[in-house]
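See below for the structure under consideration.
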Amino acid sequence: MLYEVLDSREVDQFTGLFSDETIKLTRPLTSKKHPDPIRLVVYEDFSTNTVYRFLTNNFKIEAFNCC
């Protein structure tokens, strides 16, 4: 997935959050199908060492509440 970071919010990495960013998709087809900015939240579950990437259009809730 290719994207441009438009904004980055501060996160507490001790909770497992790596990043909380507003992004814009940049590939020609995906940017045409989804031209609006979206939110990318990256979270690691420390108990399983699994990294999750959440894409959403919800900019109202805090990242820790959505993971």
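The values are calculated or read from the model by the stated rules, or taken from the named source; none is laboratory data. Since the model is a prediction, treat every value here as computed from it, not as a measurement. Positions of Cβ are generated from backbone atoms using ideal geometry, with glycine treated the same way; all protein chains shown enter the neighbour counts. The accessibility values were calculated without ligands, DNA or RNA, using every heavy atom of the protein model including side chains. Shrake-Rupley method; radii C 1.70, N 1.55, O 1.52, S 1.80 Å.
Observations
- The residues in segment 42-67 that are of a type in the set (F, W, Y), in a loop (DSSP other than H, G, I, E, B) and open to solvent by 100 Å² or more (accessible area, probe 1.4 Å) can be counted, and the count is 1.
- Tallying residues that are charged (D, E, K, R) and touching a residue at least 12 places away in the same chain (Cβ under 8 Å) within segment 42-67 yields 3.
- Segment 23-41 residues that are open to solvent by less than 80 Å² (accessible area, probe 1.4 Å), paired with ones that are of a type in the set (K, R) (beta carbon under 7 Å, 6 or more apart): P37/K24; L40/R53
- Test set (1) surrounded by 13 or more Cβ atoms within 10 Å (Cβ to Cβ); (2) at pLDDT below 95; (3) not basic (K, R) - Y3 fails condition number: (2)
- Hits in segment 9-24 - residues which are among the hydrophobic types (A, V, I, L, M, F, W, C) and outside any strand (DSSP E or B): V11, F14
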